[in-house]
Amino acid sequence: MDDAVLSRRSLIATGAVGLAVPAIGAAVALTGGAAKAGATRKITIWAEALPGGLFGYGLAPGQATVPGPLLEMYEGDTLEITLVNTTNQRLSIHAHGVDYSTTSDGSPLHGSYNNPGEIRTYVWRSREMSAAAGRRFMPGSAGYWHYHDHAMGTDHGTGGVAKGLYGALIVRRRGDILPDKQFTVVFHDMTINNKAAPNTPMFEANLGQRVEWVAIGHGNLFHTFHLHAHRWVDNRTGMLESVSDPSPTVDNKDLNPGSSFGFQVIAGEGVGPGAWMYHCHVQNHSDGGMAGLFLVRNADGSMPPGAEEAIHRFQGHAHTTTSTDTDDHGGHGA
Amino acid sequence: MDDAVLSRRSLIATGAVGLAVPAIGAAVALTGGAAKAGATRKITIWAEALPGGLFGYGLAPGQATVPGPLLEMYEGDTLEITLVNTTNQRLSIHAHGVDYSTTSDGSPLHGSYNNPGEIRTYVWRSREMSAAAGRRFMPGSAGYWHYHDHAMGTDHGTGGVAKGLYGALIVRRRGDILPDKQFTVVFHDMTINNKAAPNTPMFEANLGQRVEWVAIGHGNLFHTFHLHAHRWVDNRTGMLESVSDPSPTVDNKDLNPGSSFGFQVIAGEGVGPGAWMYHCHVQNHSDGGMAGLFLVRNADGSMPPGAEEAIHRFQGHAHTTTSTDTDDHGGHGA
Amino acid sequence: MDDAVLSRRSLIATGAVGLAVPAIGAAVALTGGAAKAGATRKITIWAEALPGGLFGYGLAPGQATVPGPLLEMYEGDTLEITLVNTTNQRLSIHAHGVDYSTTSDGSPLHGSYNNPGEIRTYVWRSREMSAAAGRRFMPGSAGYWHYHDHAMGTDHGTGGVAKGLYGALIVRRRGDILPDKQFTVVFHDMTINNKAAPNTPMFEANLGQRVEWVAIGHGNLFHTFHLHAHRWVDNRTGMLESVSDPSPTVDNKDLNPGSSFGFQVIAGEGVGPGAWMYHCHVQNHSDGGMAGLFLVRNADGSMPPGAEEAIHRFQGHAHTTTSTDTDDHGGHGA
């Protein structure tokens, strides 16, 4: 995975942040160090068939996941991706948010894809904001973006997206606050990361950790992402950029096909540890299985009171009919 | 209703603002006064069965409404809600935007609900923004939020939401401008506040009054909220926070399940009084009955010219086929 | 078309900007000059039946298009529109974002429409922001808005919207940057500007031109607008209003019925010329024909390498099944 390690150049970088969550997808982390701006990093991604008819991207042979690895870069950097297609399907990798020429577009329109067995290089560049007129600037590339197949099944990659060929891409602006943990959540038709409850990801953090979420929408349905007991600002970073930042604070946000957003929360801040739910707030989607757990452990990593019971309930409940666990809840009182 | 009255501590508070609209839902208003920050207010809410198979929340026995009472608090305050379940159904109250421990989550996941006949206390805390790094802040609780059942019918409260167990919750930042009137609009499947045209709410204000709208989405369908002849800024308050606030101005906004937003307009400003429409802009939703009237009376409260006729047309029209009132309109000319 | 020419009063206006794109819809351009603020401009719009059962608005007899002409004004101006209904249907013109009295609402509710053969005048006013309290302002009219029929078929104009009676309306704030070219894109049910691929509009610009997009949603379905290789800021102008503007940068945005947004990009900046795709990112919508091309030519207007081939592929591909052009793509390599 050495060639998958990007250089971390943040002014505020520390060695401890930006860790991958292997169960969810190995991250291409921005590592400590002080590489110069405008660096080009080269990584290799393997597209592989997975059990259950799925496909995934991975940073090493046999390590493909759904979603694929979280990729990160700083504004100004270039990411050169050598995509190895180990499958028997036409596929590609198409990025949102970054700069690419037509040959790296990832679309059949430009013949920009890998035939079965082929190896092809895609180049993603990024940039800082640039002056427009007056005080205005044309935007840089910073954002919570994503990448996905654009060639399997149809010319828009509908087959590849349906089967798991997607992942998160973060382009950071220098000075951005780096997180302790990172989670990728893809709302895709009636699934989360192509899974339905109770098999959806259980994301874990310790009380007080800075957790970064990247939420991505795919497929044919509309969704809204809701996180219990935590909230964020609906702007670029999820934090108020100053005391006069006019952006609204939200805990529920539209997450529709091709869109993405990200934010950071302090796990359990003001609410304590627990097995907090995240789910689609479209009622028949949450009832149908679009729900998962954000397990906030105690600061020392131990399980907080009640969390085991909540996880047990989550894993057991049918999610489509009236729960039958009406007798085992406690804590009632006036 | 004494215990339902919160203390208003705004620097700009006056005695005349924040009035409830009884026909729509009794508000827990922020009353005049100068209580200290961080106050805890205790209220009791009754969950009751209503005619037509509906359920509602109310601030006194026999006074449940759909939507429930508009609740308000200032950042830093705590709201302690004693929920009395007078129904024969399992139900709860789950809030967006505020802080709560797992026992006040309102979800069966945490056993946080009322069995039939039970009384249970839910505690909602709020907070001001807090420094993050650089000039950045983690957000406070201020926002146009909402609350709803999370336990009736399914573990996500789909049955309770479908039958009317929802309402608005406003958390204000100190210094926020307070309105003269407040309306709650819930777009819920093919209804507005569980009603279809022409039985949807007719909201009323006098020309020049500062009117606050809280718009909430629920259910299984996607919607867009459109208000005729008025517009607002798509940020936290609905107003430009400074001359350089970059937020867009809108008069049509996505209103999807679990989301909410709010804004203030000056009734009839620049357009005059009249029976202005608000409606879902999805065409088969508006045609199907997701439309209502915002009656802006003259400044003295009298009816403006043409308003009676418009109300008459609204109440009579079929809303699903070509209108037949092609002969009774006037004012044509080149 | 003389009466359709508005006065351009921008501080930064030049003679070369704001050009219409005749193939898409004649624009009511803000022309060079220095007319005073608060001017009233009078235009005439003809509503006409078009081939294929469509209807359109036009600035001269026989020139109706789908979408209708792009209309522009500056904050403070008034637009007085004389609508000539040459059809055998009841219809109107209803605007978003601007001020109008009930008689110019464009809705049957207020008898504000044209019967077949009738001529009727609609008045749209606009305004600058106005002080509210503290540093706050009530918004002005500036925005990327739109207009549409509100009377054909149903009282919400569902028939007129379905058949093409819609267009873009831009209200500019003084000092706004003016573009070199302008495109209107309407996502309407399964079509773009009532057309499906490969017959969707091919928008053209030369490398480096400042191109303004106005995106509008209509109908009954939800959509997301995606533009390849270009991005914009999700705020009023699409540009960062200052180095500390907190708005996110996006390249995919919800575009639902009744909503609109706009932005400017520098054609091909950082990515080069090419036949770039724009499309709905809902997968079965893009596969079903909601895709088009943004042809960025070389700076001298000549065709860039590969563009002809891409256009050929786009025009030939079925867009609903697996592409068969698996053999004709090039540029592969490790």
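Remarks
- Test: residue in the stretch A:244-267 that is assigned to a strand (DSSP E or B), over 25 Å from residue B:135 (Cα atoms) and of a type in the set (A, V, I, L, M): no
- Qualifying position, being away from chain C (no Cβ under 11 Å) and in contact with a Phe, Trp or Tyr (Cβ under 6 Å, 6 or more places away or on another chain), among A:240, A:227: A:227
Let's see how each residue does on (1) at pLDDT 95 or above; (2) under 30 Å from residue B:233 (Cβ atoms); (3) buried (at least 20 other Cβ atoms within 10 Å of the Cβ); (4) not assigned by TED's automatic domain parsing to the domain that holds residue C:209:
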{"position": "C:245", "(1), (2), (3), (4)": "yes, yes, yes, no"}
{"position": "C:251", "(1), (2), (3), (4)": "yes, yes, yes, no"}
{"position": "C:263", "(1), (2), (3), (4)": "yes, yes, yes, no"}
{"position": "C:272", "(1), (2), (3), (4)": "yes, no, no, no"}
{"position": "C:275", "(1), (2), (3), (4)": "yes, no, yes, no"}
{"position": "C:301", "(1), (2), (3), (4)": "yes, no, no, no"}
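- In the stretch C:49-65, the residue that is farthest from residue C:162 (Cα to Cα) out of those that are in contact with a Gly (Cβ under 6 Å, 6 or more places away or on another chain) and buried (at least 21 other Cβ atoms within 10 Å of the Cβ) is C:64.
- Residues that are within 11 Å of another protein chain (Cβ to nearest Cβ), farther than 25 Å from residue C:193 by Cβ and in contact with an Asp or Glu (Cβ under 8 Å, 6 or more places away or on another chain) within the stretch C:156-180 comprise just one, C:173.
- Condition met for residue C:239 (closer than 26 Å to residue A:104 by Cα and in contact (Cβ under 8 Å) with a residue 60 or more places away in the chain): yes
- Residue match in the stretch B:124-133 (condition: touching a residue at least 24 places away in the same chain (Cβ under 8 Å) and either aromatic (Phe, Trp, Tyr) or farther than 21 Å from residue A:271 by Cβ (or both)): yes
- Residue in the stretch C:187-197 that is of a type outside the set (Lys, Arg), outside any loop (DSSP other than H, G, I, E, B), without any contact (Cβ under 8 Å) to a residue 24 or more places away in the chain and within 14 Å of chain A (Cβ to nearest Cβ) present: no
- Residue tally, condition at the interface with another protein chain (Cβ under 7 Å from one of its Cβ atoms) and assigned to a loop (DSSP other than H, G, I, E, B), over the stretch A:275-291: 2
- There is at least one residue in the stretch A:87-98 that is facing another protein chain (nearest Cβ under 9 Å) and closer than 24 Å to residue A:61 by Cα.
- Matching residues, the stretch A:160-190, being crowded, with 23+ Cβ neighbours inside 10 Å and of a type in the set (Val, Ile, Thr): A:161, A:170, A:171, A:184, A:185, A:186
- Boolean, residue B:104 is within 14 Å of chain A (Cβ to nearest Cβ) and either touching a helix residue (DSSP H, G or I) at 6+ places or on another chain (Cβ under 6 Å) or over 28 Å from residue A:249 (Cβ atoms) (or both): no
- Pairs linking a residue in the stretch A:202-214 that is assigned to a strand (DSSP E or B) to a residue that is hydroxyl-bearing (Ser, Thr, Tyr), with Cβ atoms under 6 Å and 6 or more positions apart or on different chains, are A:214/A:144; A:214/A:184.
- Residue in the stretch C:221-234 that is within 15 Å of the chain's Cα centre (by Cα), assigned to a loop (DSSP other than H, G, I, E, B) and touching a residue at least 40 places away in the same chain (Cβ under 8 Å) present: no
- Of the candidates C:168, C:151, the single residue that is touching a residue at least 24 places away in the same chain (Cβ under 8 Å) and touching a helix residue (DSSP H, G or I) at 6+ places or on another chain (Cβ under 7 Å) is C:151.
Let's see how each residue does on (1) modelled with pLDDT under 95; (2) in contact with a Phe, Trp or Tyr (Cβ under 8 Å, 6 or more places away or on another chain):
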site	(1), (2)
B:254	no, yes
B:281	no, yes
B:296	no, yes
B:309	no, no
B:318	yes, no
B:321	yes, no
B:328	yes, no
B:331	yes, no
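- Of the residues making up the stretch C:122-155, just one is among the charged types (D, E, K, R), more than 7 Å from chain B (Cβ to nearest Cβ) and buried (at least 24 other Cβ atoms within 10 Å of the Cβ), namely C:149.
- Condition met for residue B:113 (hydroxyl-bearing (Ser, Thr, Tyr) and closer than 17 Å to residue B:186 by Cα): no
- Looking across A:300, A:254, A:245, one residue alone is more than 8 Å from every other protein chain (Cβ to nearest Cβ), of a type in the set (Asp, Glu) and either on the phi < 0 side of the Ramachandran plot or in contact (Cβ under 8 Å) with a residue 60 or more places away in the chain (or both). It is A:300.
- Residues that are at pLDDT 95 or above and either more than 17 Å from the chain's Cα centre (by Cα) or over 23 Å from residue B:45 (Cα atoms) (or both) do occur in the stretch B:164-174.
The values are calculated or read from the model by the stated rules, or taken from the named source; none is laboratory data. In this text the structure is predicted, and so the values were computed from the model without any measurement. Every residue, glycine as well, gets a Cβ built from its backbone with ideal geometry; the counts of neighbours run over all protein chains shown.
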